[in-house]
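Visitor: Encoded as structure tokens, here's the structure I'll be asking about.
Quick note: the coordinates plus some simple rules give every number you see, no bench work behind them. Just so we're clear, the structure is a prediction, and the values are computed from it rather than from any experiment. Methodologically, a virtual Cβ is constructed for each residue, glycine included, from the backbone with ideal geometry; neighbour enumeration extends over all protein chains shown.
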Amino acid sequence: MEDPNFIIKIAVLAFYVGILFFIGIMASRRVKSMSDYYVGGKKMGFWAVAFSARATGESGWLLIGLTGMGAIAGYSGYWVVAGELLGVFISWQYMAKRFKKRSDAYGAITIPDYLQSHFQSSTHTLRIISAAVLVIFIVIYVASQIDVTGIAFKSMLGIDYKIGAIIGFVIVLAYIFIGGFIAAVWSDLFQGLLMFLGLVLLPIVIWFSMDHGAGVTEGLNAIDPTLTQIMGRSSDGWMNLFTILGFSMIGLGFLGSPQVYVRFMSIKNSKEIDKGKWVATAFTLLTDAAAVTIGILARIYFTKEGQDPETILGNSGENVLSMVTEEFLPTILVAIFVAIVLSAIMSTIDSLLILASSAITRDFYQKIFRPEIKDESLTKISRISTVIMAFTALIIAMIINYVSPDRQVFWVILFGWSGIAATFCPVIILSLFWKGYSEKGAIASMISGFMSVIVFNFFFKEMASVGAYFIALDVLTPSFAVAMLVGFLVSKKYPPRTKAVQMIEEIDAAPEKE
């Protein structure tokens, strides 16, 4: 006889999937052009864009990775919250409007579009490099998200990892296939609301269900006094510094990552950006802080229950969320949390696949090989490329699971995130704020950022003398710094074209569109 709790979870999950397909079908009715398919016709409202940008930026990393990090790191895990909050606010406050105004003036609907127009490129070199890097790291990032899907199904439903990964993969691919970017954003709004409510309410439920004989600090101190050290858990001051930088500099990824900035392209106007800024900031503060807090409370609770947290919480705490929901929530709410976890994962996968599809279809096929082809003819190619990349990511996810069964979810996802961020964020930042930034400088930034992620991850981390410090720092901060410095130096050597600088000055001087 089937477990009734399992049946309830599957029923709720099926209902959730039904909503996603309904959203996809409704969105498909608004897809009339390539602009609709890739940026929603640039008519999206601030609620949808803010929730979509945050849901896309956070992914399964927020629910499974960050809750686990809270359990393992203790109070120092809140540096992630501070870093992300600062990154999101700076992005919306100082970069979004400028990027929106220029991308609209260029008629851009992809990030390579924006870069090609911004530098008045006479060749396709910059477009080819940016599109190629996008595809490579997006496939890796999507693979990590599919990997988390399998982990979530296994830990929360008891379904085999491979089956769970394939189920999640099929669901998200199907509704993207139907509705494109509009389906992704609308579903992100729905999924973002689920994530927000679930994360914010869960620590409250845990707190009122726990024995309050001692406070949180006392509880952590009883387990391990280093868990309450906000400046890091190590006795080595340099290790603590590198750890804090590694945690807080994750926020750098919000300063130009294509999957986030394509949402700024899609928003109606600058007034919507002003409104969306506060929605995105509040979402980040509350959900990130709640995720770390869930991990901390779980560490205290399960240790008091006489269980070994280092064993039951998983290698990097990835079991925290499933354990907490099973312990404190009725079956129907556990089922909803399964849907919330999938929401976090799928909201990222859908956006990334559409972004990678645009790189292949528009930036490679249309702009380079078939400039005469009409947008209407590209819809089929877009969907085919989406399917191919999705299957490639699925295969990589299966390989990751086979080769590294003890992998840490937090850092696997962060590698894909860092690769995209280190390649594109320095380029976007410098292009927005420095008129002296040139096409050659941008190419140098992208190549150096891309290569640095690989070098720091596979070489510096393996060095006996400093490897541990670079593991704590991770790859984003040093790769970001290298890309910024190289881009600056090359631009000084090879200044931008005069007509490119003049065009930027004219666009910036023009009044804002209502």
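Visitor: Please tell me which of these pairs span more than 21 angstrom C-alpha to C-alpha: K268/K440; K42/K97; K440/K492?
Guide: K268/K440
Visitor: To the nearest 500 deg cm²/dmol, what mean residue ellipticity at 222 nm is calculated for the chain from DSSP H runs of n ≥ 4 alone, each contributing -39,500 (n - 2.57), summed and divided by the residues?
Guide: Working: 22 runs with 379 residues, N = 514.
Taking each H run of at least 4 residues, the total per residue is -25000 deg cm²/dmol.
Visitor: Suppose the chain between Y494 and K271 were pulled fully straight at 0.36 nm per residue; how much longer would it get relative to their current alpha carbon spacing?
Guide: Between Y494 and K271, full extension yields an extra 76.6 nm.
Visitor: Only Cα pairs under 8 Å and at least 6 apart count here; give the relative contact order of region 4-509 as a rounded whole percent.
Guide: Contact order relative to length: 31 percent.
Visitor: Taking amide H atoms as placed 1.01 Å from N in the peptide plane, list the residues 5 or more away in sequence, or in a different chain, whose amide H sits under 5 Å from that of K268.
Guide: For K268, the qualifying residues are M44.
Visitor: Using a 10 Å cut-off on Cβ atoms, rank the peptides 77-89, 46-58 from the highest mean neighbour count down.
Guide: Ranked by mean Cβ neighbours within 10 Å, highest first: 46-58, 77-89.
Visitor: Relative to the first principal axis of the alpha-carbon coordinates of the chain, what is the inclination of helix 78-90, with its axis defined by its Cα atoms, in degrees from 0 to 90 and to the nearest 10?
Guide: Tilt relative to the chain: about 30 degrees.
Visitor: Shifting gears a bit: Specify which residue in the list F459, A165, V185 is farthest towards the positive end of the charge dipole of the chain, using unit charges on the beta carbon of Lys, Arg (+1) and Asp, Glu (-1), about the Cα centre.
Guide: V185
Visitor: As a footprinting exposure proxy, order H118, H124 by other Cβ within 10 Å, with the fewest listed first.
Guide: Numbers: H118 26, H124 16.
Lowest count first: H124, H118.
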